[in-house]
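Remarks on the structure that follows.
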Amino acid sequence: MRLRLIPLWLVMAWLLPVSLAQSQPSRLATIRSFVVYYGTNQAFAKQLSQFDLAIVQPNTLSYPQLRKLQAQGTRVVAYLSVGEAEGYMVGLPKAWVLGTNPNWGSKYMDANQAGWREAVLQRAKDILEIGFDGLFLDTVDTVDLFPKTKPGMVQLIRALRQSFPKAILVQNRGFAVLPQTAPFLDAVMFEDFSTLYNFNDGTYQAHEGDPRPLFPYLKRGLKVLALDYALPTQTALIQRAYSRARRYGFVPYVTTISLNEVSPAPGSR
């Protein structure tokens, strides 16, 4: 058997006190399904009401669509990148930039920079004023590539909670800072829990993400979402991802890497 190194974030998650996990009941405690949809196809948009939680881009839905979806009982949170600069964010100071994401072309940003944190907070304010129920905090795992940014990332997520106390906050990965950020969150997402998308050859592959470090958080009320990727024709891979997530008490969703279609759970077609 080949010796496998244990990632540092796993070691720290086992050692840190679990009392940090949750300071208030999760606003998502009762959800049983979620969807991530970044497209603009109206037929797919109408299907979002089938889910308890919808994660969308700020421009995915019109205002009437957003209000209708919320009236149907679906909580709707909007995408917010906290560790990388998106294409529309031009002219940012070079001192804030740490490098380039080879898969998406976006820029890794230094959360220790107060100016970057202020820019993210302003973007969050603009999004929430549209009427969304909360924010999906993506690219938190920039801290895995640049550990020096951990203090700034924790400070940023704390500031988001303090600035928007009623907003739903969902953190995507970023497990290295979860012991510090969990009290501010309603859910954490484990992207690539049971599958991986290979950007080199464009294939979807089975994967074995380790659920154990998340158990203490789950036990104390933090909702855990599992997002995996597969082609619609890969039924065995999809079924495995759903079954594996549910086995550990996670809420699963499987779709394609483009996130531009709504994929029903196995057996719900």
Filter the stretch 9-20 for residues that are crowded, with 16+ Cβ neighbours inside 10 Å and closer than 20 Å to Glu191 by Cβ; which is modelled with the lowest pLDDT?
Trp9
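What's the total number of residues in the stretch 71-95 that are modelled with pLDDT under 95 and either in contact with a Cys (Cβ under 7 Å, 6 or more places away or on another chain) or not in a loop (DSSP other than H, G, I, E, B) (or both)?
The total comes to 3.
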Ser26 being assigned to a loop (DSSP other than H, G, I, E, B) and either modelled with pLDDT under 95 or in contact with an Asp or Glu (Cβ under 9 Å, 6 or more places away or on another chain) (or both)
yes
Considering only the stretch 251-263, I want to know if a residue exists there that is at pLDDT below 95, aliphatic (A, V, I, L, M) and either under 22 Å from Thr74 (Cβ atoms) or out of contact with any helix residue (DSSP H, G or I) (no Cβ under 9 Å at 6 or more places or on another chain) (or both).
no
Flag if Glu118 is over 25 Å from Ala54 (Cβ atoms), among the acidic types (Asp, Glu) and modelled with pLDDT of 95 or more
yes
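Let's see how each residue does on (1) in contact with a helix residue (DSSP H, G or I) (Cβ under 6 Å, 6 or more places away or on another chain); (2) modelled with pLDDT of 95 or more; (3) closer than 23 Å to Ser33 by Cβ:
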site	(1), (2), (3)
Gln155	no, yes, no
Gln180	yes, yes, no
Ala187	no, yes, yes
Asp228	yes, yes, yes
Ala236	no, yes, yes
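Would it be correct to say that Phe146 is in contact with a strand residue (DSSP E or B) (Cβ under 6 Å, 6 or more places away or on another chain), among the aromatic types (Phe, Trp, Tyr), buried (at least 16 other Cβ atoms within 10 Å of the Cβ) and within 17 Å of Leu53 (Cα to Cα)?
Considered against the rule, which asks whether it is in contact with a strand residue (DSSP E or B) (Cβ under 6 Å, 6 or more places away or on another chain), among the aromatic types (Phe, Trp, Tyr), buried (at least 16 other Cβ atoms within 10 Å of the Cβ) and within 17 Å of Leu53 (Cα to Cα), Phe146 comes out as no.
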Take the conditions touching a Leu at 6+ places or on another chain (Cβ under 9 Å) and assigned to a loop (DSSP other than H, G, I, E, B) and apply them to Gly267. Does it pass?
no
What are the residues in the stretch 249-268 that are more than 17 Å from the chain's Cα centre (by Cα) and of a type in the set (S, T, N, Q), if any?
Ser263, Ser268
Answer yes if at least one residue in the stretch 249-259 is closer than 26 Å to Arg27 by Cα, part of a loop (DSSP other than H, G, I, E, B) and either β-branched (Val, Ile, Thr) or touching a residue at least 40 places away in the same chain (Cβ under 8 Å) (or both), and no otherwise.
yes
Checklist (1) out of contact with any helix residue (DSSP H, G or I) (no Cβ under 9 Å at 6 or more places or on another chain); (2) under 15 Å from Gln24 (Cα atoms); (3) hydrophobic (A, V, I, L, M, F, W, C) applied to Phe146, failing item
(2)
Please go through the stretch 29-67 and pick out each residue that is in a loop (DSSP other than H, G, I, E, B), aliphatic (A, V, I, L, M) and either in contact (Cβ under 8 Å) with a residue 60 or more places away in the chain or surrounded by fewer than 13 Cβ atoms within 10 Å (Cβ to Cβ) (or both).
Ala29, Ile31
Can you find a residue in the stretch 151-168 that is on the phi > 0 side of the Ramachandran plot and surrounded by fewer than 22 Cβ atoms within 10 Å (Cβ to Cβ)?
no
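The values are calculated or read from the model by the stated rules, or taken from the named source; none is laboratory data. Fair warning: this is a prediction, and the values are worked out from it, not measured in the lab. Cβ sites come from the backbone with ideal geometry, for glycine too, and all protein chains shown count toward neighbours.
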